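The structure appears right after this line, and notes come after that.
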Amino acid sequence: MAKKPVKPPIKPKTKPKTKPKDRPKIPTKPLGVPSSKYIFLILFILLVAAVVKTLQYFSETSIVTTTTLPPTTITTTTAIAPTTTTTLPAKLEGRLVIALKDEEHKIPGGSTVHQMEFTVTSVEVYKEGDDGDEVGEWIELTAEPKALDLLEYTDNVAVVAEADIEEGTYEKLKIGLSGGSIWITNDIFYIYTPKKYGLIVPSETTVEHMFNVTGGETLTLVLDFDIEHSVSRVGVDYKLDPKISVTEQTGIPENAVTL
């Protein structure tokens, strides 16, 4: 009997070994070992730092020699001309009072004036110039209107202005007036009931009268109207053209009435 041929054993198939894909090679350097250019940079920085530190040290330790000189006092002498101060004496003031009154009631023609009303609008006095100066000045005593019936002040006086003014010599005074009315009885025609008429007055009246005001004292000027020579008939009205006399009194009269 013939022998069957023996088949050789079948070897298991093995997969061919595959080569790993080529990867980029990364250069490797030992850790902690810088390259030469980094070492040069570090050395340069350290050198610069050392130079800066050295410069700071010498600037701080440099010796500055200071020479202290004694203080020098410079005295400047300026020649100043002596100042002459002239002290003028204080100007004293005195008090001036202006008062009005009436004395007579009769007027030409036999008529009698019973009432005469008007308003004093202002009172001024004129002071002559100092040291012979021809130019003087008007000084206002009051600008407050004062209405009055002049014939009420026969036994007393009406104070229309008062003020403290500089002592000295004054030459005249001026009174501002505004119109009013007048009450008259006509004795010729036996008309005894007073009748009212309009009264025309000048806007201002100047009275020439020189007087002296003394510091610390009071002077009263009493202006007495002369009714007989001051009132005249003009058409249907009457006109006042003041004729005034002035009387001086020291102090304020006891019969003075302040308006």
Quiz item: If G235 satisfies every condition in (1) farther than 14 Å from E124 by Cβ; (2) surrounded by fewer than 17 Cβ atoms within 10 Å (Cβ to Cβ); (3) in contact with a strand residue (DSSP E or B) (Cβ under 7 Å, 6 or more places away or on another chain) but one, which is the exception?
Solution: (3)
Practice problem: Give the range 218-247 a look and list any residue that's in contact with a His (Cβ under 7 Å, 6 or more places away or on another chain) and closer than 17 Å to I200 by Cβ, or say none. | Solution: I227, K243
Exercise. Collect the residues in the range 99-117 that are closer than 12 Å to Y238 by Cβ, assigned to a strand (DSSP E or B) and aliphatic (A, V, I, L, M), keeping them in residue-number order.
Key: V113, M116
Practice problem: Could you tell me whether the range 183-198 includes any residue that is modelled with pLDDT of 95 or more, part of a strand (DSSP E or B) and either hydrophobic (A, V, I, L, M, F, W, C) or loosely packed, with under 14 Cβ neighbours inside 10 Å (or both)? | Solution: no
Self-check item: Odd one out for Y57, checked against (1) touching a Gly at 6+ places or on another chain (Cβ under 8 Å); (2) at pLDDT below 75; (3) not charged (D, E, K, R)
Solution: (1)
Quiz item: Taking the stated definitions as given, is T206 among the polar types (S, T, N, Q) and at pLDDT below 95?
Solution: no
Practice problem: Identify all residues within the range 78-135 that are closer than 17 Å to M210 by Cβ and at pLDDT below 70; write none if there are none. | Solution: D130, G132, D133, E134
Quiz item: Would it be correct to say that N255 is surrounded by fewer than 13 Cβ atoms within 10 Å (Cβ to Cβ), touching a residue at least 24 places away in the same chain (Cβ under 8 Å) and not acidic (D, E)?
Solution: yes
Quiz item: Restricting attention to the range 155-172, does a residue exist that is assigned to a strand (DSSP E or B), crowded, with 16+ Cβ neighbours inside 10 Å, touching a strand residue (DSSP E or B) at 6+ places or on another chain (Cβ under 9 Å) and among the basic types (K, R)?
Solution: yes
Quiz prompt | So T250, is it over 22 Å from L92 (Cβ atoms), surrounded by fewer than 16 Cβ atoms within 10 Å (Cβ to Cβ), touching a residue at least 24 places away in the same chain (Cβ under 8 Å) and among the polar types (S, T, N, Q) | solution = no
Quiz item: Of everything in the range 140-151 that's in contact with a strand residue (DSSP E or B) (Cβ under 8 Å, 6 or more places away or on another chain) and either free of Cβ contacts under 8 Å to residues at least 12 places away in the same chain or buried (at least 16 other Cβ atoms within 10 Å of the Cβ) (or both), which residue is nearest to E208 (Cα to Cα)?
Solution: L141
Exercise. Name the one entry in I175, I165 that is β-branched (V, I, T), closer than 23 Å to S230 by Cβ and touching a residue at least 40 places away in the same chain (Cβ under 8 Å).
Key: I175
Exercise. Filter the range 25-53 down to residues that are of a type in the set (K, R) and not in a helix (DSSP H, G or I) and give me whichever is modelled with the highest pLDDT.
Key: K25
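The values are calculated or read from the model by the stated rules, or taken from the named source; none is laboratory data. Model, not experiment: these values are computed from the prediction. Virtual Cβ from ideal backbone geometry, glycine too; neighbours counted across all protein chains shown.
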